[in-house]
1. Across the Cα atoms of the stretch 1-99, what radius of gyration and what greatest pairwise Cα-Cα distance (Dmax) are found, in Å?
2. So, in nm, how far is label SER398 from label ASP463 when the simple model puts each one 7 Å beyond its Cα toward the Cβ?
3. Would you list MET214, MET104, MET256, MET61 from fewest to most Cβ contacts within 10 Å?
4. Can you tell me the Rg and Dmax of the stretch 70-206, counting just the alpha carbons, in angstroms?
5. If I histogram all Cα-Cα distances within the stretch 193-259 using bins 5 Å wide from 0, what percent of pairs lands in each bin?
6. List the GluC sites (Glu not before Pro) within the stretch 113-212 that fall in a DSSP loop (any state other than H, G, I, E or B) and whose Cβ has at most 13 other Cβ atoms within 10 Å.
7. Note down the net charge around MET211, summing +1 for each Lys or Arg and -1 for each Asp or Glu among other residues with Cβ under 11 Å from its Cβ.
8. On a full-extension model of 0.36 nm per residue, what is the gain between HIS88 and GLU246, subtracting their alpha-carbon distance, rounded to one decimal in nm?
Amino acid sequence: MSFPKEFLWGGATAANQYEGGYLEGGKGINTSDTLTNGSHTVARRVTWRNPQTNETGSTPMMFTSATDRFIPEGAIPAVLEGEYYPSHTATDFYHHFKEDIALMGEMGFKTFRMSMNWARIFPNGDDEQPNEEGLKFYDEVFDECKKYGIEPLVTLSHYETPIGLTIKYGGWKDRRCIDFFEKYAKTVIERYVGKVKYYLTFNEINIMSMMPYMAGGLVDFSEQAKAQGAHNQFVASAKVVKFCHENYPDIKVGQMLAYGPVYTYTCDPADQILALERSQETIWYADVQTGGHYPEFKLKDYERKGIQLEDCPEDYELLEKYSADFLSFSCYGSSTVTTHDVGNDSGGNFVMGVTNPYVKTNAWGWATDPACLRLACNTLYYRYNKPIWIVENGIGWSDVLEEDKTVHDDYRIDYLRQNIQSMDDAINKDGVNLMGYTMWGCIDLVSAGTGEMRKRYGFVYVDRDDEGNGSLNRYKKDSFYWYKKVIETQGEDLD
Ligand code: BG6
């Protein structure tokens, strides 16, 4: 079977993991700029300084946390001398964008998902005027995309918030962030009319529950702060949809959700209930942003926890009237849960669970079963009946650059082949309206979960290691040629 002719094949990246250009061209500091590297077994750290006492230190970045504050009272996140921060250079799209977009053009990309660095446009987050040099940089990027007929898909905030907003306002738990984001979004949407047609507001908005510093610039990790942070992002997203509907109806604004099917380890009914509850923890974010209202089960959860949102009736009118135009999601594999003690907790980063004997995992413990895409597409499309878009999928692997500068990544080709087949089934057997597919980390970039370079996803190898050494030269992997052929044949030739 083949894919629809308008299907948007491409790749995805994020500024904090790919762009670099730290403080160049008037850029400010983002929350992601204070994250050190780590590994599969050692957590990345957030570095901080106490402006009163000048004490400095760092705190491990946690994926699930019940503590209310994760850096000491009085401290603010800060970039410290002598620490290594992978985002500062990342894989240097800032200086390589022409070469990289040419490589994407050579593969035949129809679309390129990238994120804009918010602090490159508003260095402190609450500035009166945008930074013209930052705006110009993205002008050049989009012009380059146009040369190759590549449609940009732009994420406005991918795991970064200008650090000024965290220090002054406590991040997204403060409603004033809605206005700062609205101003930022309007500035860029107007600037790039005719150049950018597709936007996503927040990357993986549901990661607010697990990683509120990354997702919302929060240092207050209380349930109340996370709930408020998510609510404020929902309202901000709806305002962006409203702005486009009223002014630029051809521009489409989507939601972006981290999604993976949840399997049960046993057929014990208690396991089914646990899987239902785990799924609810994710799906309510889409119920609000794409479906237009808070589901009852979430309101009951807030009631039980004593959470009270700072809101107003207009918020709910906005959410209902200006829900997302489409639902995009990341999906790498599944997670498996059980109420039984089976003694095999899987690694995963954002996805916790137990090891599933029926699915393969990579070296980082991520379950990589291809069935997840077909399942995800069906669940998400038929729940809202809005177009969906897979904007992240791929496999992290410690690729080897051979002496002759080739990379033989047949494991990646194998993973992608099966995942594309799964999408094909979703479209051609199940009738899902799938807009496109952007493979994650199409050109090697820094891992969000571990800060490593060795966890590579790309079709293109970038010479850079975990300590920041390397020429940053680009080399095509075997999968580069394979994906080019897949796009050329509209997904017919997957061999
Ligand atoms: C998604 C994020 O969760 O997964 C990306 O949107 C991230 O930013 C990707 O890079 C893969 O995760 P990791 O930890 O392997 O980089």
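Laboratory data are not the source of any read-out in this text; all were calculated from the coordinates shown. It should be emphasised that the depicted structure is a prediction, and the values quoted were computed from it without experimental measurement. Positions of Cβ are generated from backbone atoms using ideal geometry, with glycine treated the same way; all protein chains shown enter the neighbour counts.
1. 17.9, 65
2. With each label placed 7 Å out from Cα toward Cβ, I get 2.1 nm.
3. Result, fewest neighbours first: MET61, MET104, MET214, MET256.
4. Both quantities, over Cα of the stretch 70-206: 16.3, 51 Å.
5. Values per bin, smallest distances first: 4, 17, 25, 19, 15, 11, 7, 3, 0.
6. Those that pass, being in a loop and sparsely packed, are GLU128.
7. +1
8. So the extension gain works out to 53.1 nm.
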